[in-house]
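What follows is a set of notes on a single structure, which appears directly below.
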Amino acid sequence: MVNYVIVGLGLAGISFCETLEQNNKTFKVIADSSQTSSVVAGGLYNPVILKRFTLAWNAKHQLDIALPFYKTLEKKLQVQLDYKIPVLRRFASVEEQNMWFEAMDKPSLSYFLSPKIIQNKNANIDANFGYGEVLHTGRIDTKELLSTYKNYLISKNALLQETFNFNALTIEDDCINYKGIKAEKIIFATGFGLKNNPYFNYLPLNGTKGELLTIKAPDLKEERVIKSSVFIIPMGNNLYRIGATYNRDDKTNNTSQAAKEELLTKLHTFLKCNYEVVDHKAGVRPTVADRKPLVGEHPKHKNIFVLNGFGSRGVMAGPYAAQQLYNFIENNKPLAAEIDCKRFVKRYLISVS
């Protein structure tokens, strides 16, 4: 008997595993590699929505939890995960400069927005109106995190690498049983795979496909993240990640020529040097209609829980949502109303009526 079974090992699953470890709880993880959104994520933690110059929901609180969380993981796994890196918003006009200064006057944003316009000194980028700098930003190496944490769980004999079979799950009043693994509770943290979950498929998880390119550009020599019509994210060794697209119709992990052309067309509006496309990846983000995570217990089965719906901000939201769920289960603390999946209970009642 273990305390928990966790299904899924993306940012949500890892965040909950680590929260359990910090509280001396036992667990087993069941995961396959079907969901790729955490692997292909840009990994940025950026609290500001740069299209509209608004603060992401609960961003300050999420960062206050996330940054110590990743620092602890770095020490535990003995790898670097957190790369502090400025995020620059390229201005396309004087009007955008003015919008930036207007946003700075808001108390919630002043902590994150630099008051100085940064002049462009890179001849390979067209940015005549300069940049605004977002403060307290960085990049989590999600690929390294997922790979290293997977190996860590294997070393502890805590990972079962297979596709979860719902027919093999037995739910009792005081425990669950999965192929001989008994646990007090089970957590589903499967990203877009939640759509195939008979216990939580009533939840409005829409899914938004994102595609990213990696280019090699030896002449670019840029060490900061540039946000214009697309992101340019430095990855080291003259490699840069370009992203991302948003496709609400295609729910596959297959790359598309149309998305590649869209990204390159936008990139060409401000990049002025030669480059080579060396990689192209796709994944479906677990997005929700109201853009808030899905966290909480099943309306009927009180030992089944969900941790999902982080969208494109899983790096920031994961540790916060995992902490919320743990405190809800173990310490009887109410979930933040905005993330409690109870807000969609009417959909469940309709589905079973």
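Just to be sure before I move on: is residue 263 in contact with a strand residue (DSSP E or B) (Cβ under 6 Å, 6 or more places away or on another chain), crowded, with 22+ Cβ neighbours inside 10 Å and of a type in the set (A, V, I, L, M) in the structure I sent?
Details: in contact with a strand residue (DSSP E or B) (Cβ under 6 Å, 6 or more places away or on another chain): yes; crowded, with 22+ Cβ neighbours inside 10 Å: yes; of a type in the set (A, V, I, L, M): yes.
Against the criterion (in contact with a strand residue (DSSP E or B) (Cβ under 6 Å, 6 or more places away or on another chain), crowded, with 22+ Cβ neighbours inside 10 Å and of a type in the set (A, V, I, L, M)), residue 263 qualifies.
Do you know which residues across the range 171-194 are among the β-branched types (Val, Ile, Thr) and under 28 Å from residue 317 (Cα atoms)?
Just the residues of the range 171-194 that are among the β-branched types (Val, Ile, Thr), to begin with: 171, 176, 181, 186-187, 190.
Scanning the range 171-194 gives 176, 186, 187, 190.
Scan the range 90-116 for residues that are touching an Asp or Glu at 6+ places or on another chain (Cβ under 9 Å) and over 28 Å from residue 41 (Cβ atoms) and jot them down. Before the answer, list the steps.
Step one: list which residues in the range 90-116 are touching an Asp or Glu at 6+ places or on another chain (Cβ under 9 Å), which gives 90, 113-114, 116.
Selection gives 116 alone.
Pairs only if they're at least six apart or on different chains, beta carbon under 8 angstrom, first in the range 263-281 and closer than 9 Å to residue 215 by Cβ, second open to solvent by 70 Å² or more (accessible area, probe 1.4 Å); list them, first residue then second.
275/216; 276/216; 278/216
May I ask you to verify whether residue 22 is closer than 16 Å to residue 326 by Cα, open to solvent by 40 Å² or more (accessible area, probe 1.4 Å) and not aromatic (Phe, Trp, Tyr)?
Numbers: closer than 16 Å to residue 326 by Cα: yes; open to solvent by 40 Å² or more (accessible area, probe 1.4 Å): yes; not aromatic (Phe, Trp, Tyr): yes.
So residue 22 passes the test.
Taking the condition of being closer than 16 Å to residue 71 by Cβ and either part of a strand (DSSP E or B) or of a type in the set (A, V, I, L, M, F, W, C) (or both), how many residues in the range 137-149 meet it?
So the answer is 4.
Under 6 Å by Cβ, and 6 or more places apart or on different chains, what pairs join a residue from the range 320-331 that is part of a helix (DSSP H, G or I) with one that is aromatic (Phe, Trp, Tyr)?
Qualifying pairs under 6 Å: 322/16.
Six or more apart or on different chains, Cβ under 7 Å: which pairs go from a residue in the range 68-90 that's assigned to a helix (DSSP H, G or I) and open to solvent by 20 Å² or more (accessible area, probe 1.4 Å) to one that's at pLDDT 95 or above and of a type in the set (A, V, I, L, M, F, W, C)? Could you list them?
74/81
Of everything in the range 93-122, what is open to solvent by 60 Å² or more (accessible area, probe 1.4 Å), in a loop (DSSP other than H, G, I, E, B) and not charged (D, E, K, R)? Give them in sequence order.
If the condition is that a residue be open to solvent by 60 Å² or more (accessible area, probe 1.4 Å), in a loop (DSSP other than H, G, I, E, B) and not charged (D, E, K, R), then 111, 119 are the ones that fit.
Could you grab me the full set of residues in the range 127-149 that are open to solvent by less than 80 Å² (accessible area, probe 1.4 Å) and more than 19 Å from residue 16 (Cα to Cα)? I'd like the intermediate steps shown before the answer.
Keep residues of the range 127-149 that are open to solvent by less than 80 Å² (accessible area, probe 1.4 Å), which gives 127, 129-135, 137-142, 144-149.
The answer is 127, 129, 130, 131, 132, 133, 134, 135, 137, 138, 139.
Test of understanding: among 142, 148, which residue is modelled with pLDDT under 95, of a type outside the set (Gly, Ala, Ser) and closer than 18 Å to residue 12 by Cα? Spell out the reasoning first.
On the way: 148 fails: modelled with pLDDT under 95.
Within the list 142, 148, the selection yields 142.
The values are calculated or read from the model by the stated rules, or taken from the named source; none is laboratory data. A quick note: this is a predicted structure, and the numbers were derived from the prediction, not measured. No Cβ is skipped: glycine too gets one built from the backbone with ideal geometry, and neighbour counts run over all protein chains shown. Please note that ligands, DNA and RNA were not included when accessible areas were found on the heavy atoms of the full protein model with its side chains. Shrake-Rupley method; radii C 1.70, N 1.55, O 1.52, S 1.80 Å.
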